[in-house]
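Notes follow the structure.
The values are calculated or read from the model by the stated rules, or taken from the named source; none is laboratory data. A quick note: this is a predicted structure, and the numbers were derived from the prediction, not measured. Cβ placement follows ideal geometry from the backbone for every residue including glycine, while neighbour counts extend to all protein chains displayed. Keep in mind that these areas ignore ligands, DNA and RNA; they rest on the heavy atoms of the full protein, side chains included. Shrake-Rupley method; radii C 1.70, N 1.55, O 1.52, S 1.80 Å.
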Amino acid sequence: MAELIVISTLNGVLFGMLLFLLSSGLTVIFSMMGVLNFAHASFYMLGAFFGYQLTRWIGFWPAFVLAPLLVGVVGMGVERYGLRNTHKHGHVAELLLTFGLAFAIEEIVSMIWGKSPVDYRVPAMLDFPAFTVFSTNYPAYKIFMLVVSVVIFIALLVTLKKTRVGLIVQAALTHPSMVGHLGHNVGRIFMLVFGVGSALAGLAGVIAGPSLVTQSDMAALLGPILFVVIVFGGLGSLPGAFIASLLIGLIQTFAVALNGSLASVFGPLDPSLGASPLTDIWNVTIAQIAPILPYVLLVLVLIFRPMGLLGTRES
């Protein structure tokens, strides 16, 4: 039991920080532009595939730096030539643009790299056990992923709260016209923030690709839970996204590791009942319902606290 708790906690925090890397960029983008970017998880997928391809050409460490930058450039292009032109038509047009872009990116990735998983491996420098917990070896690469996520979180928080750039960005979130009157190019700020948010998603893809499966549907697998995080934490709230990411990461990781059911707690039902939906529900394990737990949390939050944990508005 102690081994289960320690390993599940480490994996839950790691998964939560990976979710935060993704949701932080989306949260800042929503705060500034009021757009829920449905293609955000696609930038995560692009980061993984760019990282894979660049690793084959020039090695993992150059890819670790260059792949997020390339994804950031793609994101800036989307904002400059896509979202900026559709903004005058309202949020519905922006949502439709990003929705279509997500499918387009998935199809382009499938055409270039195929639909099967690619052989994106952990770099040899980090392919060893960092430590042993009871009888389980914990990979050094997972520790690397955790360290990168924590460093990005601290850097993002310090940048937004303690630097002049952060003050300008925060001012542009709430008073864009005033920032414009002070001589700052608000359009350029929007483009750079969108690019940074996309680059963060790309970085998450680069470091998650070797650990998880890198394939053309990876955005569709992670995209829905990403929106659970930002709604649960509060739309536009960076601290809320951080807390929600860790909670969802821990809840889902612990749930997957538990095989308990109502039958194991209260005993089996009377055999005379035979096969029935009640019998099936009685024997369902926690691990089997783990994938739907985040969405159950989402429904509860929307019912009882629509603005999320730390959100300040309901829409």
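Summary of computed values
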| item | result |
| --- | --- |
| Nearest-10 value in Å² for the accessible area of residue 142, using the 1.4 Å probe | 60 |
| Cα-based Rg / Dmax (Å) for segment 49-105 | 14.7, 44 |
| Estimated [θ] at 222 nm from DSSP helical runs (n ≥ 4, -39500 (n - 2.57)) normalised by residues in the chain, nearest 500 | -23000 deg cm²/dmol |
| Exposure of residue 46 as accessible area (Å², to 10), given a probe of 1.4 Å and all protein chains | 20 |
| Probe 1.4 Å - accessible area at residue 58, Å² to nearest ten | 80 |
| Modelled FRET efficiency - R0 22 Å, residue 3 with residue 130, Cβ distances, 0.05 increments | 0.90 |
| Loop sites in segment 11-116: trypsin sites (Lys or Arg not before Pro), DSSP, at most 14 other Cβ within 10 Å | 115 |
| Whole-number accessible area per residue in Å² for the chain, which is evaluated in the context of all protein chains at 1.4 Å | 50 |
| Most mobile of 301, 151, 206 in a GNM of the chain (Cα contacts under 10 Å) | 151 |
| Protection-proxy order for peptides 119-130, 13-24, each taking the mean of Cβ atoms within 10 Å per residue, highest first | 13-24, 119-130 |
| Share of pairwise Cα separations in segment 196-270, more than 14 Å, in percent | 74 |
| Relative contact order of the chain, defined on C-alpha pairs under 8 angstrom at six or more residues apart (%) | 33 |
| Segment 102-181 and segment 189-210: distance between their alpha carbon centers, rounded to Å | 7 |
| List 190, 304, 131, ordered by accessible area with a 1.4 Å probe, largest first | 304, 131, 190 |
| All Cα pairs of the chain, percent lying beyond 26 Å | 51 |
| Solvent-accessible area, 1.4 Å probe, carbon plus sulfur percent, for segment 115-234 | 68 |
| Convex hull volume of segment 124-169 per residue (C-alpha atoms, cubic angstrom) | 83 |
| Calculated diffusion of segment 25-135, Stokes-Einstein form, Kirkwood radius summed over Cα pairs, 20 °C and 1.002 mPa s, µm²/s | 134 |
